[in-house]
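Rule-based calculations on the coordinates, nothing more; no lab input. All values derive from a computational prediction rather than experimental measurement. Cβ atoms come from the backbone with ideal geometry, glycine included; neighbour counts cover every protein chain shown.
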Amino acid sequence: MVTNVSLTLWIVWAAVVIVAGLLYAYRTALCRDEEGQIFLDDAFAHEKAVQTEIVAKCNRIEPVIRASMIAAGVMTLAVIGYYLWFGYKALFG
């Protein structure tokens, strides 16, 4: 039997996981052109600037991704905890 609480938990969990997944995919697309090259010559100043910009964007989105992954973990634990509590209550009453 699905109650309003469990349905709400599942909806919130799904929303948080979808947001975390979309942010992770965005970071993957954003950082795929990052290269770990050393630019020794001034002739490559443009490439160095582009790489610096890519690294800055990747570093800026990292805390948001970390927070969304933590939120997804917390929601997963909340769903598991709810069902454990529901099962305990059903067994011991």
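Worth pointing out:
- Efficiency of FRET from Cβ geometry, His46 and Ala67, R₀ 22 Å, rounded to 0.05: 0.05
- Crossing angle, helix 4-31 versus the chain [Cα axis fit, 0-90 degrees, rounded to tens]: 10
- Highest-MSF residue in the chain out of Gly73, Gly21, Gly81 [GNM, Cα springs under 10 Å]: Gly81
- Candidate values (1) 24, 12, 12; (2) 46, 11, 7; (3) 32, 28, 7 were compared with semi-axes √(5λ) of the Cα gyration tensor in Å computed on the shown model; the agreeing label is (2).
- For Ile54 and Ala15, the FRET efficiency from 1/(1 + (r/R0)^6), where r spans their Cβ atoms and R0 equals 30 Å, is about 0.55.
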